[in-house]
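First the structure, in the form of structure tokens, and then the observations on it.
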Amino acid sequence: MDRVALRGLKARGHHGVFPKEREEGQTFIVDLVLGLDTRPAAADDDLAKTVHYGIVAEEVVAVVEGEPVNLIETLAERIAQTCLKHEGVQEVEVRVHKPDAPITVPFDDVTVTITRSRV
């Protein structure tokens, strides 16, 4: 399976279990690896035979900016399901970063990574 990756998609969302997170929001960063067969697109040099990653990026940002959830695990699942709606995408790895998580000790990042497939 071939891979198309999008790294560092940024969007402001209001996800989290604490009232401050819901009220003020924060930046979330999403990395995607889409698994698909790119041979038909490459053979014909045809965008219609692959995934349009620009559209996927817009849809993922809309999910992050959309309805709040408590957990980034839930957010990652919603993003994965959005990606799998694209016909050619057979598998997706989603990593959601929450660099401003409400943690009381110094840290660089918090991430949740999931992999989902059609099978």
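The values are calculated or read from the model by the stated rules, or taken from the named source; none is laboratory data. This is a predicted model, so every value here is computed, not measured. Note that each Cβ is placed from the backbone with ideal geometry, even for glycine, and that neighbours are counted across all protein chains shown. Quick note on the areas: whole protein, heavy atoms, side chains included, nothing else; ligands and nucleic acids left out. Shrake-Rupley method; radii C 1.70, N 1.55, O 1.52, S 1.80 Å.
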_the chain: angle of helix 53-65 to the longest principal axis, Cα-based, in degrees nearest 10_ = 20 degrees
*So which lysines pass the test for Lys10, namely a Cα distance under 22 Å, with those fewer than 8 places away in the same chain ruled out?*
Lys20, Lys85, Lys98
*Cα long-axis angle, helix 72-84 against the chain (0 to 90 degrees, to the nearest 10)*: 20 degrees
*Per residue, how much accessible area does the chain have with a 1.4 Å probe, in Å²?*
58 Å²
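Sorted from largest to smallest, which semi-axis lengths in Å does the alpha carbon gyration tensor of the chain give for its equivalent ellipsoid, taking the root of 5 times each eigenvalue? The partial results should precede the final answer.
Values: eigenvalues 179, 33, 27 Å².
Computed over the chain, the values are 30, 13, 12 Å.
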*Only helical DSSP H runs with n ≥ 4 go in: add -39500 (n - 2.57) per run for the chain, normalise by residue count and round the 222 nm mean residue ellipticity to 500 deg cm²/dmol.*
-9000 deg cm²/dmol
*asked:* Could you tell me which residue out of Leu84, Leu34, Pro102 lies farthest along the dipole of the chain toward its positive end? Charges go on the beta carbon: Lys and Arg +1, Asp and Glu -1, centred on the Cα centre.
replied: Pro102
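Roughly how many percent of the accessible protein surface of region 1-107 is carbon and sulfur, given a 1.4 Å probe and a whole-percent answer?
Taking all protein chains in place, region 1-107 shows 51 percent carbon and sulfur surface.
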*Gap in Å between the Cα centre of region 1-32 and the Cα centre of region 45-119?*
8 Å
*Short version: ³J(HN,Hα) in whole Hz for each residue of region 89-99, in order, from phi by Karplus 6.51 cos²θ - 1.76 cosθ + 1.60 (θ = phi - 60°), x for Gly and Pro, what are they?*
6, 9, 8, 9, 10, 10, 10, 9, 9, 10, x
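How do the peptides 100-108, 16-24, 70-78 rank, highest first, by the average count of neighbouring beta carbon atoms within 10 Å per residue?
Details: 100-108: 9.0, 16-24: 12.9, 70-78: 17.2.
Top of the packing list down: 70-78, 16-24, 100-108.
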